[in-house]
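Before any comments, here is the structure.
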Amino acid sequence: MNHDSYSDATIRAILSDVKVIAMVGASANAVRPSYFVLKHLLDRGYRVHPVNPGLAGQEILGCRVYASLAEIPEPVDMVDIFRNAEAAAAIVEEAIALSQRPKVIWMQLGVRNDAAAARAEDVGMTVVMNRCPKIELGRLSSEIAWMGVNSRTISAKRAPQLKAGKFQKLGLRTTFQRD
């Protein structure tokens, strides 16, 4: 697969299909990108399992933190890697060793490891590199355009107003009531 660009259809299909995400490198620090990406994914209805050996047993945003992918008590659909490119290879090997392999390996912005990607693709996983699911969700729903970022979506239509207690989320899923 060409990892220099991904079609909107590919990203949309991944983000529509995925329900359970393991976030490797999650942080409890509210100013770290992994923290607000975790929060955003939770707000959009995904089940997210933070993975960080230094925080194992604690909670981030109400989610129990695990030391490794193998400790997560349910199969995950996607592994979101918030670690450097060198660490990606070991994380991919850990994902491959799971009894139920994730469908997707997603490497965050600035993370690209072609050898790890090839290894994951060799066993049937889909790989996305140097992208952020939070940004892609916002871009595909045109939500990010409200902040002046080019979403490559042209529309003169105003976003529909939602009832109190609801919010817009990726158009691939339905809007739901916040707890």
**Message:** Once you place label points 7 Å from the Cα toward the Cβ at Lys19 and Asn84, how far apart are they in nm?
**Reply:** 3.7
**Asked** Counting Lys +1, Arg +1, Asp -1, Glu -1, what net charge surrounds Ala116 among other residues with beta carbon under 13 Å of its beta carbon?
**Response** -3
**Prompt:** For segment 33-130, which whole percent of the accessible surface, found with a 1.4 angstrom probe, sits on carbon and sulfur atoms?
**Reply:** 49
**Prompt:** Could you list log10 I(q)/I(0) for segment 22-94 at q = 0.17, 0.22 Å⁻¹, which the Debye formula gives when each Cα is one point scatterer?
**Reply:** -0.56, -0.96
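Mind checking the full-extension length gain between Ala30 and Ile96? Use 0.36 nm per residue of separation minus the Cα-Cα distance, one decimal, nm.
20.7 nm
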**Per residue accessible area in Å² of segment 1-85, where ligands, DNA and RNA are left out and the probe is 1.4 Å** = 44
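The values are calculated or read from the model by the stated rules, or taken from the named source; none is laboratory data. These figures come from a predicted structure and were not determined experimentally. FYI the Cβ positions are ideal-geometry reconstructions off the backbone, even for glycines, and counts take in every protein chain you see. Accessible surface is based on the protein model in full, side chains and every heavy atom, while ligands, DNA and RNA are left aside. Shrake-Rupley method; radii C 1.70, N 1.55, O 1.52, S 1.80 Å.
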